[in-house]
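Below is one structure, written out as C-alpha cells; comments come after it.
The values are calculated or read from the model by the stated rules, or taken from the named source; none is laboratory data. Model, not experiment: these values are computed from the prediction. When we count neighbours, we look across all protein chains shown, and the Cβ atoms used for this are built from the backbone with ideal geometry, even at glycine. In case anyone asks, the SASA skips ligands and DNA or RNA and just uses the protein heavy atoms, side chains included. Shrake-Rupley method; radii C 1.70, N 1.55, O 1.52, S 1.80 Å.
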Amino acid sequence: MTSALPSWGKILPAAERFVLVLDDEAVLDRETGLVWERNTHKASRNWTDASGYCYKLEFGGRKGWRLPTIDELATLVDSSQDPALPMRHLFTNVKLSNYWSSTTHTYGTDYAWHVDFSNGGVVGSSYKWRYYYVRAVRSGQ
C-alpha cells in the first residue's frame, strides 16, 4: 500500500499520483500535497461568484476551500492529454473549457488568470465578469 502523504515535488508514476479523499468528494495530489474538489459543477461562474462558491464549500467536514493560484492550477495541466489533465486523474464532470484561478493580472485588477483544460493553455487572462468553471482547492486534508 502506498502512502497518501505528498511527495513534495517528486514526480510520481501516474498510478500513484492521485488518491480519493474526504468521502471520495476530493482528490489528493500526492505530488503537490494539494486537495482538489473532484467534481466540476454544471454552472460556470464569474470570478467573484467563483471565489464565494469555494469559500462556502465543505467536504468531509472540511472547510478552507479557495480558488487556486495560477501556479497551483497549472500543476494539473498535461497538454498531451485530452482533456488536458494528467493520466489517471480522478476528476469527474471535467469541462473542456476555462477554469478560474485566484491570480489577478498585473495590468489590471479587473482581470484574472485562467487555464484552458481543452488544450492545456495557461497563458490567458480575462475580465473577471466572464463566466468560467471552478475547481476548488485546499492545502492538505
query: Amide H to amide H, which residues 5 or more places from ASP78 or on other chains are under 5 Å from it, using H placed in the peptide plane?
result: LEU85
Mean Cα-pair separation over length for the chain, i.e. relative contact order, pairs under 8 Å, 6 or more apart, %: 28 percent
query: Roughly how many debye, to the nearest 20, is the charge dipole of the chain about its Cα centre, given +1 on each Lys and Arg Cβ, -1 on each Asp and Glu Cβ, and no other charges?
result: 260 debye
field: Backbone HN-Hα couplings from phi across the range 101-109 [Karplus 6.51/-1.76/1.60, Hz, Gly and Pro as x]
entry: 10, 7, 7, 6, 6, 6, 8, x, 6
field: the range 58-141: trypsin sites (Lys or Arg not before Pro) in DSSP loop, at most 10 other beta carbons within 10 Å
entry: LYS63
- line: Taking placed amide H atoms and a strict 5 Å upper bound, the residues 5 or more places from ALA26 or on another chain that come that close are VAL21, ARG38
task: Using a 1.4 Å probe over the heavy atoms of the protein chains, calculate the carbon and sulfur portion of the accessible area of the chain as a whole percent.
output: 52 percent
- prompt: Hey, what did the range 79-122 get for relative contact order, percent, Cα under 8 Å, at least 6 apart?
  reply: 42 percent
query: Build a GNM of the chain with springs between Cα atoms under 10 Å: which of ALA50, ALA15, ALA26 gets the top mean-square fluctuation?
result: ALA15
- request: Hey, for a label at ARG88 modelled as a point 7 Å past Cα toward Cβ, could you say which residues of the range 15-31 have their backbone N under 15 Å away?
  value: 15-20, 28-31
message: Leaving out ligands and nucleic acids, and using a 1.4 Å probe, what accessible area per residue does the chain come to in Å²?
response: 52 Å²
